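A.B. asks: Below is one structure. I have some questions about it.
What follows draws every value from the coordinates through simple rules; no lab data is involved. Please read these numbers as outputs of a predicted model, since none were measured by experiment. Backbone-built Cβ (ideal geometry, glycine too); neighbour counts: all protein chains shown.
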Amino acid sequence: MSLTTFIDARITDPFPRLNSRQADRDEQTELIVAQIIDDVRKRGDAALLESGRRFDSSALNSILVTEEELASAEIPERHLRALQLALHRVQEFHTLQLAHFTQGLEPQGKSFGWSHNHVGQKVAPLQSAGVYVPGGKATYPSSVLMNSIPAKVAGVVDRYVATPCRSDGTLAPSVLTALRLTDTRKAFKVGGASAVAAFAFGTETVPRVDKIVGPGNRFVNEAKRQLWGKVGLDGYAGPSEVCVLVDDSADAEWAAADLLTQIEHSEDNAAFLVSTDEAKLKQVLAATERQLVGAACENSMRTALANESLAILAADLSQAIDIVNAIAPEHLTVSIRNPEGIVDRIQNAGCILLGDFTPECAGDFVLGPSHTLPTARAARFGSPVNVLDFLKVQSVSYLKPDQLLDLIPAIEAFGEMEGFPTHARGASIRLAR
C-alpha cells in the first residue's frame with residue numbers, strides 16, 4: 001500500500017481529513033493572478049500578447065485564430081470520425097436535456113416561458129459565452145466540444161474559445177478541427193488567467209462575454225474567484241480528481257485503470273480508492289503499480305498518488321458511501337455488485353459512472369454529458385457544465401387594476417414592517433386617480 005496514503009476507516013475516522021478538502025489557494029498564486037488581471041484590464045491585447053509570449057510561445061505573433069488556420073487544419077480520418085461521434089453524442093444529450101427542461105413551456109421566439117394568472121417566467125439563452133480550453137502539457141479538442149456544444153444547444157449566439165498556443169505559436173489541428181465543427185464564432189490563442197480576464201473585461205480583439213466556462217489549473221480557478229461578480233462563471237473545474245468505489249466483486253485491473261485515467265493530466269490531480277474489502281483494495285493498488293511502470297506520465301502520476309491521493313478501507317458499503325459523499329469527487333466510478341442500487345444514496349459527485357463497462361475515459365470523450373465537472377468538493381453544490389449554464393430565468397408579472405387593488409393592503413403592511421413608506425406609496429398612489 002506504499003503507492004498512496006492508506007486510511008483504515010474501521011479504526012481511524014477519515015472524515016475530518018475529507019471534509020477539510022478545498023480548492024487549492026496560496027498567496028503567491030493570488031498575487032500573480034491579481035497582477036495578470038490588472039494588466040489585462042489596463043493594457044488589453046498588448047498584455048495578452050506579452051503573456052502568451054512569456055508563458056506559451058515566443059513565436060506567438062497574433063492572438064486571433066485566423067480563418068485560414070481553421071480551414072487548413074487536417075487530422076487523420078479516424079480522429080475526425082471520433083470528433084464527429086463525440087460531437088453527435090454531446091449534442092444529442094444536451095438537446096434531450098433542453099427538451100426535458102422546457103417540457104410544458106411555451107415557445108416564445110428563442111426563449112420559453114409559462115404564466116399563471118398574472119405571474120410567470122421567461123427562460124432565455126445568454127447572448128455570449130467564453131469557453132476556456134486548457135493547453136500547454138496536452139491537447140484538448142474534447143474540451144472544445146464539451147463546453148461549446150451545450151452553449152450552442154441552449155441558443156447562445158456568440159460563442160468564443162480561448163486556449164494556449166503550442167510552443168511554435170500554433171494550435172493543434174485537432175483543436176482547430178473541433179473549433180470548426182462547433183461553429184465557434186472566434187477563437188484566441190490566450191491561456192490561463194489572462195484568458196479569463198480578457199473574457200471578463202474585453203480587449204481590442206477579445207470580446208467581453210456574459211459567462212465563462214471551462215476547466216483549468218489553479219491560475220484559471222483563481223482568476224475565476226477574483227472575477228466573480230464581474231462576469232458569469234461556471235465554478236471550479238480542475239485540477240482533476242477521481243474516486244473509484246469497489247467491493248470484492250470488482251475487477252482490480254479495470255479499477256486501477258480508472259484510477260490512473262484521471263490522474264494522467266497533472267501531478268496535482270487526486271485519486272481516491274474506497275473499498276469495502278481489504279484484499280481487493282490491495283489487489284487494485286498492486287494493479288495500479290503494474291500499470292504505472294513505463295506509463296507515459298509515470299512520474300507525474302506517482303507524484304499525484306503520493307501527494308494528493310488516498311486509499312480508504314471502509315467497514316461496510318454504508319460507510320463507503322458516506323466516505324464517497326464526503327470526498328464529493330469530480331468523477332466517481334462505482335464497481336460493485338448492483339451499482340444501480342446505490343445511485344440515490346450518492347449525494348455528492350460530478351459524474352457517476354456505473355458498472356464495469358462504463359470507464360472513466362468514456363465520460364471524458366464520448367458519453368454525451370459534458371466532462372467539465374465540479375472539483376475540490378464543489379460537487380456538494382455544483383453541477384457539470386450543461387445547457388442550464390447558458391440559460392437565465394426572468395420573472396414576468398402583469399397586474400390588472402383589480403389584481404393590484406387586492407394586493408395593496410399587504411404591500412402597505414410590508415412597507416410599514418420594513419420601514420419603507422415610499423415602497424408602500426408606490427402601490428397606493430395608483431388608487432389616487
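A.B. asks: Let a ≥ b ≥ c be the square roots of the eigenvalues of the Cα gyration tensor of region 76-225; is it rounded (a/c under 1.5), or, if not, prolate (a/b larger than b/c) or oblate?
C.D. replies: Oblate, since a/c reaches 1.5 and b/c is not below a/b.
A.B. asks: Now, a different point. Amide H neighbours of Ile312 under 5 Å, at least 5 residues apart or on other chains, H built in the peptide plane: list them.
C.D. replies: Sorted by chain and number, the residues that satisfy this are Ile7, Leu273, Val274, Ser275.
A.B. asks: Would you be so kind as to identify which of Ala413, Ala326, Phe365 lies farthest towards the positive end of the dipole of the chain, taking Lys and Arg as +1 and Asp and Glu as -1 on Cβ and the Cα centre as origin?
C.D. replies: About the Cα centre, the residue reaching furthest to the positive side is Ala413.
A.B. asks: At what distance in nm do the modelled label points of Ala296 and Glu67 sit from each other, each positioned 7 Å from its Cα along Cα→Cβ?
C.D. replies: 3.5
A.B. asks: What angle do you read, to the nearest 10 degrees and between 0 and 90, between the alpha-carbon axis of helix 278-292 and the longest principal axis of the chain?
C.D. replies: 80
A.B. asks: Roughly speaking, what is the centre-to-centre gap between region 144-171 and region 116-143 when only Cα atoms are used, to the nearest Å?
C.D. replies: Centre-to-centre (Cα) distance: 11 Å.
A.B. asks: Check which residues have an amide H placed less than 5 Å from Glu241's amide H, if you skip close sequence neighbours.
C.D. replies: Ala270, Glu330, His331
A.B. asks: Using only Cα atoms, locate the centre of region 51-100 and the centre of region 290-331, then give the distance between them in Å, rounded to an integer.
C.D. replies: Using only Cα atoms, the two centres lie 31 Å from each other.
A.B. asks: Once the Cβ-Cβ distance between Arg225 and Leu431 is put in as r, and R0 is 35 Å, what FRET efficiency do you end up with, to the nearest 0.05?
C.D. replies: E between Arg225 and Leu431, to the nearest 0.05, is 0.10.
A.B. asks: Using a Gaussian network model of the chain with C-alpha springs under 10 Å, which one of Asp268, Asp26, Asp389 is most mobile by mean-square fluctuation?
C.D. replies: Asp26
A.B. asks: Another question, if that's okay. What label, among [x] 1.77; [y] 1.01; [z] 1.12, belongs to Cα Rg over 2.2 N^0.38 Å computed from the structure on display?
C.D. replies: From the options [x] 1.77; [y] 1.01; [z] 1.12, the structure gives [z].
A.B. asks: Could I ask something else about it? What FRET efficiency comes out for the pair Leu404/Trp114, r = Cβ-Cβ distance, R0 = 35 Å, nearest 0.05?
C.D. replies: E between Leu404 and Trp114, to the nearest 0.05, is 0.95.
A.B. asks: Between Asp38 and Glu253, what's the calculated FRET efficiency when r is the beta-carbon distance and R0 is 56 Å? Round to 0.05.
C.D. replies: Step by step, r from the Cβ atoms, then E = 0.65.
A.B. asks: For region 1-113, what is the Kirkwood hydrodynamic radius in Å, using each pair of distinct C-alpha atoms?
C.D. replies: 21.2
A.B. asks: Treat every Asp and Glu Cβ in the chain as -1 and every Lys and Arg Cβ as +1, leave all other atoms uncharged, and give the resulting dipole magnitude about the Cα centre to the nearest 20 debye.
C.D. replies: Charge dipole, the chain, about its Cα centre: 1460 debye, nearest 20.
A.B. asks: Given the DSSP H assignment, sum -39500 (n - 2.57) over each helix run of at least 4 residues in the chain and divide by its residue total; what's the result at 222 nm in deg cm²/dmol, nearest 500?
C.D. replies: Helix contribution divided over all residues of the chain: -13000 deg cm²/dmol.
A.B. asks: So what's the angle, to the nearest 10 degrees on a 0 to 90 scale, between helix 252-261 and the longest Cα principal axis of the chain?
C.D. replies: Orientation of helix 252-261: about 50 degrees from the principal axis.
A.B. asks: For region 328-433, what's the relative contact order in percent, using C-alpha pairs closer than 8 Å and at least 6 residues apart?
C.D. replies: In percent, rounded to a whole number, it is 21.
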